[in-house]
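The values are calculated or read from the model by the stated rules, or taken from the named source; none is laboratory data. The model shown is predicted, which means the values in this text are computed figures rather than measured ones. As a convention, Cβ positions derive from the backbone with ideal geometry for all residues, glycine included, and neighbour counts pool all protein chains shown. In case anyone asks, the SASA skips ligands and DNA or RNA and just uses the protein heavy atoms, side chains included. Shrake-Rupley method; radii C 1.70, N 1.55, O 1.52, S 1.80 Å.
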Amino acid sequence: MLGIRRFEERCVELYSAARIRGFMHLYIGEEAVAVGVGEALTEDDAVVSTYREHGHALARGVPADAVMAEMFGKATGCSHGRGGSMHLFDADRRFYGGNAIVGGGLPLAAGLALADRMNGRDRVTCCFFGDGAFAEGEFHETANLAALWHLPLLLVCENNLYAMGTALERHQAQTDLAMRAASYGMVSWAVDGMDVLAVEDAARRAAEGIRAGTGPHFLEMRTYRFRAHSMYDPDRYRDKAEIEQWKERDPIERLARQLREHGGLTDKALAALEDRISAEIDGTVETAEQAPEEPVEDLLKYVTSQVEEASPR
């Protein structure tokens with residue numbers, strides 16, 4: 001969680017200095033969800049994410065060097081510099097986006113889960129999405145088919161209360177999302193998304209249930225983003241006092257307190273961890289800056305198909 005937080009904070013610095021361009025959506029405050037859920041998944045499982053996916057990618061094991069290079073648009077990025085912040089992708093680690101469309105990852109995740117079920121593979125597909133996506137048709141179509149077809153699908157709704165900038169109670173008549181998801185006949189419950197231990201426990205129980213053949217599960221992670229929706233967002237729709245109140249539930253500080261109370265963390269160890277993470281992120285930035293850009297002659301690669309000359313008869 002600390003690594004994700006410091007990575008995101010460095011991205012803010014780089015974006016403000018115009019060294020990272022384009023759109024960027026930060027995960028600061030929501031780290032417990034990515035890390036807790038990630039602990040419950042195996043390497044064979046699949047992860048489908050949103051455009052706020054830096055934390056998901058790092059928690060999944062996508063190398064920080066590859067993520068930072070992608071932020072810089074370099075050829076060594078995990079998407080070869082073609083995706084940027086919103087389109088991180090790593091098929092080797094079964095990390096299938098980074099999807100810029102709200103709710104766009106949901107039907108993709110259903111397809112992955114259906115393929116695994118049809119081929120008899122013991123896998124779970126985990127799909128992250130936000131409370132704003134809950135209002136999209138893709139969610140309801142996916143939830144219905146997942147329950148109908150008994151898919152091995154873990155739906156993780158990161159309910160940060162504001163979607164892009166509209167409060168949950170302003171776009172949902174019923175704000176208990178877990179209860180609404182249960183209406184599709186799947187196991188559903190709400191989780192304190194600011195508590196990584198609670199997240200890990202809930203995700204593990206859900207994953208075990210899915211593997212046992214009980215069908216799709218839905219987890220409503222009640223969390224909060226400390227930063228605005230994106231770097232372009234002036235964040236005028238939230239009360240500053242509310243933001244500070246949620247920061248008192250910071251998942252990193254919360255876990256640090258718990259570890260201190262049980263003798264699992266000292267100030268010296270925490271300082272050493274901070275130093276190591278800082279050095280690693282410095283290295284990712286240096287590597288990204290020195291990485292090559294894609295050659296101009298390759299700009300249409302993967303965009304248009306190459307027509308092969310017909311062989312003479």
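Odds and ends about this structure:
- When we screen Thr223, Thr166 for residues that are farther than 24 Å from Ile4 by Cβ, under 22 Å from the mean Cα position of the chain (by Cα) and not basic (Lys, Arg), the only hit is Thr166.
- Residues of segment 97-121 classified as part of a loop (DSSP other than H, G, I, E, B), more than 16 Å from Ala143 (Cβ to Cβ) and open to solvent by less than 40 Å² (accessible area, probe 1.4 Å), total: 4
- All positions within segment 211-227 that are open to solvent by 10 Å² or more (accessible area, probe 1.4 Å), in contact (Cβ under 8 Å) with a residue 24 or more places away in the chain and of a type in the set (A, V, I, L, M, F, W, C): Phe226
- The lone exception for Lys74 - which of (1) among the charged types (D, E, K, R); (2) part of a loop (DSSP other than H, G, I, E, B); (3) surrounded by fewer than 18 Cβ atoms within 10 Å (Cβ to Cβ) it fails: (3)
- Any hit, segment 143-158, residues being in contact with a helix residue (DSSP H, G or I) (Cβ under 7 Å, 6 or more places away or on another chain) and at pLDDT below 95: no
- Among the residues of segment 168-201, those identified as within 19 Å of His140 (Cβ to Cβ), assigned to a helix (DSSP H, G or I) and either among the polar types (S, T, N, Q) or open to solvent by 30 Å² or more (accessible area, probe 1.4 Å) (or both) are His171, Met179, Arg180, Ala182.
- Within segment 256-293, the set of residues being open to solvent by less than 60 Å² (accessible area, probe 1.4 Å) and either of a type in the set (Val, Ile, Thr) or outside any helix (DSSP H, G or I) (or both) comprises Gly264, Leu265, Ile277, Ile281, Thr284, Val285, Ala291.
- Applying the set (1) touching a residue at least 24 places away in the same chain (Cβ under 8 Å); (2) more than 30 Å from Phe23 (Cα to Cα) to Ala173 leaves exactly one unmet item: (1).
- Verdict on Glu8 being outside any loop (DSSP other than H, G, I, E, B) and either touching a strand residue (DSSP E or B) at 6+ places or on another chain (Cβ under 8 Å) or open to solvent by less than 10 Å² (accessible area, probe 1.4 Å) (or both): yes
- Members of segment 229-267 found to be over 24 Å from the mean Cα position of the chain (by Cα), over 19 Å from Met194 (Cα atoms) and in contact (Cβ under 8 Å) with a residue 60 or more places away in the chain, listed by number: none
- Ile210 vs. criteria β-branched (Val, Ile, Thr), in contact with a strand residue (DSSP E or B) (Cβ under 7 Å, 6 or more places away or on another chain) and modelled with pLDDT of 95 or more: yes
- Residues of segment 31-54 that are of a type in the set (Val, Ile, Thr) and surrounded by 21 or more Cβ atoms within 10 Å (Cβ to Cβ): Val33, Val35, Val37, Val47, Val48, Thr50.
- Against the criterion of being of a type in the set (D, E, K, R), crowded, with 19+ Cβ neighbours inside 10 Å and part of a helix (DSSP H, G or I), Asp65 qualifies.
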